[in-house]
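Here the structure is laid out as structure tokens; the discussion comes afterwards.
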Amino acid sequence: MSQYQEDMLHVANLREAAGSSWNAINPESAARMKLQNRFKNGIDIAKYTADIMRADMDAYDADSSQYTQSLGCWHGFIGQQKLISIKKHFGTTDKKYLYLSGWMVAALRSEFGPLPDQSMHEKTSVAGLIEELYTFLRQADARVLGGLFRDLDAASEADKPAIQDQIDNFETHIVPIIADIDAGFGNAEATYLMAKQMIEAGACCIQIENQVSDEKQCGHQDGKVTVPHEDFLAKIRAVRYAFLELGVDNGVIVARTDSLGAGLTKQIAVSREEGDLGDQYNSFLDCDEVTLDDMANGDVVIKQGGKLVRPKRLPSNLFQFRPGTGEDRCVLDCITSLQNGADMIWIETEKPHVGQIGGMVNRIREVVPNAKLVYNNSPSFNWTLNFRQQVFDAWTEEGKDVSAYDRNNLMSADYDESELSTEADKRIQSFQADGAREAGIFHHLITLPTYHTAALSTDNLAKEYFGEMGMLGYVAGVQRKEIRQGIACVKHQNMAGSDMGDDHKEYFAGEAALKASGKDNTMNQF
């Protein structure tokens, strides 16, 4: 017996037990509504999606070609459309997630208006977006199932079994969200409280970075400041306790290190003995050996390797690391995080380079063999320029003639049809598969894609609609493409829930229901 049939039987039994006062309740209608709302709250979603993500992590460990992907979303509708499109084009949501970017929350969701990625936005807006995304995805389930129920009612007896099979084997639009908690928005207690909100909204995976909360910067900008490992580990433990308190035992934590591009620290780590974690963190500080006579008023000195040294302190009261130590610090960060509660790592880099990423991951895997990486395929990179430079350098090393190209001007449109450009594009196309195979990348995400697509499509529409094309700019550039490509939201009333509302009106009021989907509804033109 299918779940649909079980639910109908259950409601039928309830109706019988309730007596005549329930005579107007239709067990099949109630069963349909229940099936259209499979997930009752965010904790249900977090538990369900955590199991999916853990299974995908195991599959990747067995076969690195089984990597996962996601696109960042800043609105529930964007996330819904992404999943609807995935199901339309690929027939399944398998290994395709959503990413919730703190950058996009700051830039697009803050009541202060557009903000830089510096954790200045309202912390509750992150959980709010998670809840919104899952509200839209649950609505996508209800909408598609509602259409199948209407098809079932209209079908002949011969066709009903095939439609019923689609209902019984329906794949939900609900997928894992990797949610960005920035640096925790405060101390470990603040991190715990915010993590709870995010999990209660449905997040099965929380990504946290090792920057100082009140100095936090975007991972692709300058001025990043890291914290000692013990401070970061306290926040990782805070997130784990939040998962456990809420019963999401399989919750996933991604520990992000910004150390590659972070040359500063706000604190000197506590060290109790030579070689401990605090001592290792401090060993990267840029220091001068001093004697007591060399010290000036207010100097900070530490004992390191049996010597008295003075870390270089900036006017900002920050201490700087020695240049060239970024990769070593990243490796130590990742190993330490994985050994102390994190499930995966994220290394923020300055360019998309498989060799660079793989070199660090291979060092990490010498200590943690199953280390897996979440990697930011960031729009902050100029992908075209980076890969053209990589090809140019590779060809130069191979002795190939590159005299036709100016390395300092490789972004020029003059090279768009060149052999070098073609090779660079091939490497961009295979970057994710190459990174999964050679650099331990389990999950590839693009943080801000829908920010850029919204800007690009709006620019094109404005140029044409307000220009010579007038209304044809919209019709040819948008609506006709929606129709030809089968974009569901061309029927925007349906997407907004009009047909589901009609179903409910019929359930609640019977023949007296005043429906919106009659013959005069212009959506029938589509």
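Please verify whether the range 241-248 includes one or more residues that are in the same structural domain as I347 (by TED's automatic domain parsing), buried (at least 19 other Cβ atoms within 10 Å of the Cβ) and over 27 Å from I441 (Cβ atoms).
Taking the range 241-248 as the starting set, the residues that turn out to be in the same structural domain as I347 (by TED's automatic domain parsing) are 241-248.
With buried (at least 19 other Cβ atoms within 10 Å of the Cβ) added as a condition, the list becomes 242-243, 248.
Next, from what is left, pick out any that are over 27 Å from I441 (Cβ atoms): none.
No.
Would the range 386-408 turn up any residue that is assigned by TED's automatic domain parsing to the domain that holds C73, under 18 Å from G261 (Cβ atoms), in contact (Cβ under 8 Å) with a residue 24 or more places away in the chain and assigned to a helix (DSSP H, G or I)?
Yes, that holds for at least one residue.
Failed condition for G223, given (1) of a type outside the set (V, I, T); (2) farther than 18 Å from L100 by Cα; (3) at pLDDT 95 or above, with all others met?
Looking at each condition in turn, G223 falls short on (3).
If you check R407 against the conditions, is it of a type in the set (D, E, K, R), over 25 Å from K224 (Cβ atoms), out of contact with any strand residue (DSSP E or B) (no Cβ under 6 Å at 6 or more places or on another chain) and buried (at least 21 other Cβ atoms within 10 Å of the Cβ)?
On the way: of a type in the set (D, E, K, R): yes; over 25 Å from K224 (Cβ atoms): yes; out of contact with any strand residue (DSSP E or B) (no Cβ under 6 Å at 6 or more places or on another chain): yes; buried (at least 21 other Cβ atoms within 10 Å of the Cβ): no.
Judged against the criteria, R407 is not a match.
Which of the residues belonging to the range 20-77 are among the acidic types (D, E) and surrounded by 18 or more Cβ atoms within 10 Å (Cβ to Cβ)? Spell out the reasoning first.
So the first thing to find is which residues in the range 20-77 are among the acidic types (D, E), and the list is 28, 44, 51, 56, 58, 61, 63.
Once the filter is applied, which keeps residues that are among the acidic types (D, E) and surrounded by 18 or more Cβ atoms within 10 Å (Cβ to Cβ), the range 20-77 yields only D56.
Give the range 181-194 a look and list any residue that's in contact with a Gly (Cβ under 8 Å, 6 or more places away or on another chain), closer than 16 Å to I130 by Cα and aliphatic (A, V, I, L, M), or say none. Even if it seems obvious, please write down each step before you answer.
Start the filter on the range 181-194 by keeping residues that are in contact with a Gly (Cβ under 8 Å, 6 or more places away or on another chain), which leaves 181-182, 190-191, 194.
From what is left, the residues that are closer than 16 Å to I130 by Cα are 181-182, 194.
Passing the criteria: I181, M194.
Only one of these is in contact (Cβ under 8 Å) with a residue 12 or more places away in the chain, in contact with a helix residue (DSSP H, G or I) (Cβ under 8 Å, 6 or more places away or on another chain) and either surrounded by fewer than 12 Cβ atoms within 10 Å (Cβ to Cβ) or not assigned by TED's automatic domain parsing to the domain that holds A106 (or both): L461, L373. Name it. It would help to see each step written out before you state the result.
Working: L373 fails: either surrounded by fewer than 12 Cβ atoms within 10 Å (Cβ to Cβ) or not assigned by TED's automatic domain parsing to the domain that holds A106 (or both).
Sole residue among the options that is in contact (Cβ under 8 Å) with a residue 12 or more places away in the chain, in contact with a helix residue (DSSP H, G or I) (Cβ under 8 Å, 6 or more places away or on another chain) and either surrounded by fewer than 12 Cβ atoms within 10 Å (Cβ to Cβ) or not assigned by TED's automatic domain parsing to the domain that holds A106 (or both): L461.
Assess whether D168 counts as being touching a Ser or Thr at 6+ places or on another chain (Cβ under 7 Å) and surrounded by fewer than 16 Cβ atoms within 10 Å (Cβ to Cβ). Don't jump to the end; show me each part of the working.
Working: touching a Ser or Thr at 6+ places or on another chain (Cβ under 7 Å): yes; surrounded by fewer than 16 Cβ atoms within 10 Å (Cβ to Cβ): yes.
Criteria met by D168.
Before we move on, is G261 assigned by TED's automatic domain parsing to the domain that holds I206, out of contact with any strand residue (DSSP E or B) (no Cβ under 6 Å at 6 or more places or on another chain) and surrounded by fewer than 21 Cβ atoms within 10 Å (Cβ to Cβ)? Walk me through how you get there before you give the answer.
On the way: assigned by TED's automatic domain parsing to the domain that holds I206: yes; out of contact with any strand residue (DSSP E or B) (no Cβ under 6 Å at 6 or more places or on another chain): yes; surrounded by fewer than 21 Cβ atoms within 10 Å (Cβ to Cβ): yes.
Against the criterion (assigned by TED's automatic domain parsing to the domain that holds I206, out of contact with any strand residue (DSSP E or B) (no Cβ under 6 Å at 6 or more places or on another chain) and surrounded by fewer than 21 Cβ atoms within 10 Å (Cβ to Cβ)), G261 qualifies.
Yes/no matrix, rows are residues, columns are (1) assigned by TED's automatic domain parsing to the domain that holds T447; (2) not hydrophobic (A, V, I, L, M, F, W, C):
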| residue | (1), (2) |
| --- | --- |
| P315 | no, yes |
| Q339 | yes, yes |
| V354 | yes, no |
| R363 | yes, yes |
| S412 | no, yes |
| D416 | no, yes |
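Is it the case, given these coordinates, that I177 is under 26 Å from R38 (Cα atoms) and surrounded by 14 or more Cβ atoms within 10 Å (Cβ to Cβ)? First the steps, then the outcome.
Numbers: under 26 Å from R38 (Cα atoms): yes; surrounded by 14 or more Cβ atoms within 10 Å (Cβ to Cβ): yes.
The answer is yes for I177.
From A455, A476, A496, which residue is of a type in the set (A, V, I, L, M) and more than 27 Å from the chain's Cα centre (by Cα)? Quick ask: steps written out before the conclusion?
Details: A455 fails: more than 27 Å from the chain's Cα centre (by Cα); A496 fails: more than 27 Å from the chain's Cα centre (by Cα).
The conditions single out A476.
Can you pull out every residue in the range 350-375 that is in contact with a strand residue (DSSP E or B) (Cβ under 8 Å, 6 or more places away or on another chain) and assigned to a loop (DSSP other than H, G, I, E, B)? It would help to see each step written out before you state the result.
If we filter the range 350-375 for residues that are in contact with a strand residue (DSSP E or B) (Cβ under 8 Å, 6 or more places away or on another chain), which is where we start, we get 357, 360-361, 364, 371-375.
Once the filter is applied, which keeps residues that are in contact with a strand residue (DSSP E or B) (Cβ under 8 Å, 6 or more places away or on another chain) and assigned to a loop (DSSP other than H, G, I, E, B), the range 350-375 yields A371, K372.
Might you let me know whether the range 432-453 holds any residue that is in a helix (DSSP H, G or I), over 30 Å from A59 (Cα atoms) and among the charged types (D, E, K, R)?
At the first step, the residues of the range 432-453 found to be in a helix (DSSP H, G or I) are 432-438, 449-453.
Retained after the next criterion (residues that are over 30 Å from A59 (Cα atoms)): 451-453.
Subset that is among the charged types (D, E, K, R): none.
Scanning the range 432-453 turns up no residue that is in a helix (DSSP H, G or I), over 30 Å from A59 (Cα atoms) and among the charged types (D, E, K, R).
How do the pairs read when you match residues in the range 61-77 that are touching a residue at least 40 places away in the same chain (Cβ under 8 Å) and among the aliphatic types (A, V, I, L, M) with residues anywhere that are surrounded by 20 or more Cβ atoms within 10 Å (Cβ to Cβ) and part of a helix (DSSP H, G or I), using Cβ under 6 Å and keeping only pairs 6 or more apart or on different chains?
Taking only residues 6 or more apart or on different chains, the pairs are L71/K82; L71/P449.
Do we find that Q5 is of a type outside the set (A, V, I, L, M), more than 21 Å from the chain's Cα centre (by Cα) and surrounded by 19 or more Cβ atoms within 10 Å (Cβ to Cβ) in this structure? Spell out how you get there, then give the answer.
Details: of a type outside the set (A, V, I, L, M): yes; more than 21 Å from the chain's Cα centre (by Cα): yes; surrounded by 19 or more Cβ atoms within 10 Å (Cβ to Cβ): no.
So Q5 fails the test.
The values are calculated or read from the model by the stated rules, or taken from the named source; none is laboratory data. The shown structure was predicted, so the numbers you read here are calculated from the model rather than taken from an experiment. Cβ: placed from backbone, ideal geometry, glycine included. Neighbour counts: every protein chain shown.
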